[in-house]
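Student: One structure coming up, written as structure tokens, with questions to follow.
Each reported figure results from applying straightforward, stated rules to the coordinates on display, with no laboratory input. Every value quoted in this text rests on a predicted model; they were computed, and no experiment measured them. Methodologically, a virtual Cβ is constructed for each residue, glycine included, from the backbone with ideal geometry; neighbour enumeration extends over all protein chains shown.
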Amino acid sequence: MNRFLTYYAFSRSEKLFEDPFFETARPIYETPEFQSLGQYIQHHDVNRITHILSVAYLSGKIAEHWGIDKETTVKAAMLHDLFYYDWHDGEWWHRPHGLRHPGFALVNAKLLCGREVDERVENAILRHMWPLTVIPPKYAEGYALTIADKICASLELYYTKTPQRREKLQQMIDRINESGEAEHG
Ligand SMILES: [Fe+2]
Ligand SMILES: [Fe+2]
């Protein structure tokens, strides 16, 4: 868990944008569609761009450890929550958000990236809410994504719960920003 927390703090630091991982993430990151996600809150005070970058970095690290396709994993992670609404508001068609948003994200991912959304990326996006949605991912890259998503969501909720926890995470992020190292872990 400590390692996950270190990766998570790294993903919240400025060093993230210098990490080799970001070369895969950048083309999606720089689109206006992706940038528009910054206006939506994911968990407490963490916006959706911040959430997605954390999931993309962590799932990439899991892919490295497992020896699976890191580029596919990171690409799927960058697209996994690509839906243009605030899931906390009360519109009927957002409900049940947990079940439906992977499908919305897939449609938007195809509009944004076309054929780059191959079968593995598609399946990982569509199945990332497993086991809430009952069909599991088909490929290892999808498992890396669904695990990273849940770890990041848990850490987002935990470290925004009290001012003390917020401060603790911020100190970790500050230390990484101030360190000379290019990459952690
Ligand atoms: Fe999601
Ligand atoms: Fe997510």
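Student: Given the options Phe10, Phe17, name the one that is touching a residue at least 24 places away in the same chain (Cβ under 8 Å), among the hydrophobic types (A, V, I, L, M, F, W, C) and within 21 Å of Glu156 (Cα to Cα).
Tutor: On inspection, the qualifying residue turns out to be Phe10.
Student: Ok, one more. So Ala109 passes all but one of these: (1) in contact with a His (Cβ under 9 Å, 6 or more places away or on another chain); (2) under 22 Å from Ser154 (Cα atoms); (3) hydrophobic (A, V, I, L, M, F, W, C). Which condition number does it fail?
Tutor: (2)
Student: Return a yes/no flag: does the stretch 82-98 have any residue that is closer than 20 Å to Ser154 by Cα and touching a helix residue (DSSP H, G or I) at 6+ places or on another chain (Cβ under 6 Å).
Tutor: Yes, some residue in the stretch 82-98 is closer than 20 Å to Ser154 by Cα and touching a helix residue (DSSP H, G or I) at 6+ places or on another chain (Cβ under 6 Å).
Student: Taking the stretch 20-49, which residues are buried (at least 19 other Cβ atoms within 10 Å of the Cβ) and under 17 Å from Leu157 (Cβ atoms)?
Tutor: Gln42, His43, Val46, Arg48
Student: Hey, could you check the stretch 148-163 for residues that are in contact with a helix residue (DSSP H, G or I) (Cβ under 7 Å, 6 or more places away or on another chain) and among the charged types (D, E, K, R) and say which is nearest to ligand 2 (Cβ to nearest atom)? Break it down stepwise before answering.
Tutor: Pass one, the stretch 148-163, residues in contact with a helix residue (DSSP H, G or I) (Cβ under 7 Å, 6 or more places away or on another chain): 148-149, 151-152, 155-156, 158-160.
Adding the requirement that they be among the charged types (D, E, K, R) leaves 149, 156.
On the way: Asp149: 4, Glu156: 9 Å.
Taking the candidates together, the pick is Asp149.
Student: For the stretch 104-147, enumerate the residues that are among the small types (Gly, Ala, Ser) and either within 14 Å of ligand 2 (Cβ to nearest atom) or touching a strand residue (DSSP E or B) at 6+ places or on another chain (Cβ under 8 Å) (or both).
Tutor: Residues of the stretch 104-147 that are among the small types (Gly, Ala, Ser), as a first pass: 105, 109, 114, 124, 140, 142, 144.
Ala105, Ala109, Ala124, Gly142, Ala144 - these are the residues of the stretch 104-147 that are among the small types (Gly, Ala, Ser) and either within 14 Å of ligand 2 (Cβ to nearest atom) or touching a strand residue (DSSP E or B) at 6+ places or on another chain (Cβ under 8 Å) (or both).
Student: Also, I was wondering about something else. Could you tell me how many of the residues in the stretch 158-174 are under 26 Å from Glu64 (Cα atoms) and touching a residue at least 24 places away in the same chain (Cβ under 8 Å)?
Tutor: Adding up the residues that qualify gives 3.
Student: Within the stretch 64-83, which residues are polar (S, T, N, Q) and either more than 16 Å from ligand 2 (Cβ to nearest atom) or over 17 Å from Arg127 (Cα atoms) (or both)? Show your work before the answer.
Tutor: Of the residues in the stretch 64-83, the ones polar (S, T, N, Q) are 72-73.
Within the stretch 64-83, Thr72 is the sole residue that qualifies.
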